[in-house]
Structures are given as structure tokens and as C-alpha cells.
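Colleague: After the C-alpha cells below, expect a handful of questions from me.
The values are calculated or read from the model by the stated rules, or taken from the named source; none is laboratory data. Every value quoted in this text rests on a predicted model; they were computed, and no experiment measured them. Note that we place each Cβ from the backbone using ideal geometry, even for glycine, and neighbour counts take in every protein chain shown. Side chains included, ligands, DNA and RNA excluded: accessible areas come from the protein's heavy atoms. Shrake-Rupley method; radii C 1.70, N 1.55, O 1.52, S 1.80 Å.
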Amino acid sequence: MRDAETTIGNLADKQTVAFIGAADEEGFPVVKAMLAPRKREGIKVFYFTTNTSSRHTAQYRENPKACIYFCDRRFFRGAMLKGTMEILEDSASKEMIWREGDTMYYPGGVTDPDYCVMRFTAVSGRFYSNFHSEDFEV
């Protein structure tokens, strides 16, 4: 892969779903499908919306180690990024990724106490394409 940031960024931008991984209370890996990230900064930082009361929010508060995975089913390629997930509840973060129509999920609006932001920060990754995998640093 010549340019990880462009390759992985394009892959992530074209997906409507991302998969996030956490460790549960017993240390087992758990994976959840999420709507695609609302915002990204290169391939280092990704922002997701979620419910403050969700199980994965509690899991990341307990253990911030995380991964995210983007899969292009059409061309059978994917990228896994490994890093940490932070739960953000400050107004600036919530307003930054709020979209019209989010009241469908968070009826109280941008200040809904059950609305928060997850910020994933990558440290490394692995890309699979054409029957070949390669690791990369972020």
C-alpha cells in the first residue's frame, strides 16, 4: 500500500457502517456495527455518535482499548485500526458532529443527556486486499 492515509481514508468514507470492538466486563472481545463515523481527522481520529447509556459506552469507560473495522464487501477488502476510544460529553464535541434529524435518536436535542460522542484515536492498523494483509503505523 503506497499511501495508507489515502487508501484507508477512501475506504472508510465509502462505507455506511463501521464495526467497533471493545472488551467486555470479562475481558472478551465484543463487536458492534455502528453508523459510519461523523467526522475523521486523517486516519488517526474518528468521531461517532452513541447513547450515553449504552453498554459499549460503559465498556470503553472501563477499558478504553478499542478497534474499528471498515469493510468493502464488493471488493473484499478491509481495514482494522487499533487504538483507544474516549467518551466525550462536552458541548463542543456534541455540537461538532450533531446533524439535523438526530432528534430521532436523541429527542432532547444536542443537550440530551443520553447523547454522547465517541472519539477513537488510532495507533496502528492492518489492511487486507487481494489476498494479502499488511500492517501499518498511523
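Colleague: Filter the stretch 19-55 down to the residues that are touching a residue at least 40 places away in the same chain (Cβ under 8 Å) and farther than 19 Å from GLY125 by Cβ, then identify the one that is surrounded by the most Cβ atoms within 10 Å (Cβ to Cβ).
Modeller: THR50
Colleague: Do we find that THR7 is within 25 Å of PHE127 (Cα to Cα) and loosely packed, with under 14 Cβ neighbours inside 10 Å in this structure?
Modeller: Details: within 25 Å of PHE127 (Cα to Cα): yes; loosely packed, with under 14 Cβ neighbours inside 10 Å: no.
Considered against the rule, which asks whether it is within 25 Å of PHE127 (Cα to Cα) and loosely packed, with under 14 Cβ neighbours inside 10 Å, THR7 comes out as no.
Colleague: Next question, about the same structure. Just a yes or no: is a residue in the stretch 88-107 within 16 Å of ALA12 (Cα to Cα) and either charged (D, E, K, R) or open to solvent by 30 Å² or more (accessible area, probe 1.4 Å) (or both)? Before you say what the answer is, go through the steps one by one.
Modeller: Keep residues of the stretch 88-107 that are within 16 Å of ALA12 (Cα to Cα), which gives none.
For the stretch 88-107, residues within 16 Å of ALA12 (Cα to Cα) and either charged (D, E, K, R) or open to solvent by 30 Å² or more (accessible area, probe 1.4 Å) (or both): absent.
Colleague: Okay, moving on. For the condition without any contact (Cβ under 8 Å) to a residue 12 or more places away in the chain and among the aromatic types (Phe, Trp, Tyr), what is the one hit in PHE131, PHE127? Working first, answer last.
Modeller: Working: PHE127 fails: without any contact (Cβ under 8 Å) to a residue 12 or more places away in the chain.
The unique qualifying residue is PHE131.
Colleague: Quick one: in the stretch 121-138, of everything that is assigned to a loop (DSSP other than H, G, I, E, B) and in contact with a strand residue (DSSP E or B) (Cβ under 8 Å, 6 or more places away or on another chain), which residue is surrounded by the fewest Cβ atoms within 10 Å (Cβ to Cβ)? Show your work before the answer.
Modeller: Within the stretch 121-138, the first condition is being assigned to a loop (DSSP other than H, G, I, E, B), and the residues that meet it are 130-131, 138.
Subsequent filtering for residues that are in contact with a strand residue (DSSP E or B) (Cβ under 8 Å, 6 or more places away or on another chain) retains 130, 138.
Numbers: ASN130: 8, VAL138: 17.
Filtering the stretch 121-138 for residues that are assigned to a loop (DSSP other than H, G, I, E, B) and in contact with a strand residue (DSSP E or B) (Cβ under 8 Å, 6 or more places away or on another chain), the one surrounded by the fewest Cβ atoms within 10 Å (Cβ to Cβ) comes out as ASN130.
Colleague: For the stretch 84-111, enumerate the residues that are farther than 30 Å from GLY125 by Cβ and of a type outside the set (S, T, N, Q). Before you say what the answer is, go through the steps one by one.
Modeller: Initial filter on the stretch 84-111 (farther than 30 Å from GLY125 by Cβ): 91, 100-101, 103-104, 106-111.
Those that are farther than 30 Å from GLY125 by Cβ and of a type outside the set (S, T, N, Q): GLU100, GLY101, MET104, TYR106, PRO107, GLY108, GLY109, VAL110.
Colleague: Looking at the structure I just gave you, is TYR115 touching a helix residue (DSSP H, G or I) at 6+ places or on another chain (Cβ under 8 Å), crowded, with 17+ Cβ neighbours inside 10 Å and within 20 Å of MET34 (Cα to Cα)?
Modeller: Numbers: touching a helix residue (DSSP H, G or I) at 6+ places or on another chain (Cβ under 8 Å): yes; crowded, with 17+ Cβ neighbours inside 10 Å: yes; within 20 Å of MET34 (Cα to Cα): yes.
Judged against the criteria, TYR115 is a match.
Colleague: Please go through the stretch 63-77 and give me each residue that is open to solvent by 40 Å² or more (accessible area, probe 1.4 Å) and of a type outside the set (A, V, I, L, M, F, W, C), ordered by number.
Modeller: Residues satisfying the conditions are ASN63, PRO64, LYS65, TYR69, ARG73, ARG74, ARG77.
Colleague: Does any residue of the stretch 61-75 turn out to be closer than 17 Å to ALA23 by Cα and either free of Cβ contacts under 8 Å to residues at least 24 places away in the same chain or among the hydroxyl-bearing types (Ser, Thr, Tyr) (or both)? So that I can check it myself, show each step before the final result.
Modeller: Within the stretch 61-75, the subset closer than 17 Å to ALA23 by Cα is 61-69.
Within this subset, residues satisfying the condition of being either free of Cβ contacts under 8 Å to residues at least 24 places away in the same chain or among the hydroxyl-bearing types (Ser, Thr, Tyr) (or both) are 64, 69.
Checked against the condition, which is being closer than 17 Å to ALA23 by Cα and either free of Cβ contacts under 8 Å to residues at least 24 places away in the same chain or among the hydroxyl-bearing types (Ser, Thr, Tyr) (or both), the stretch 61-75 yields at least one hit.
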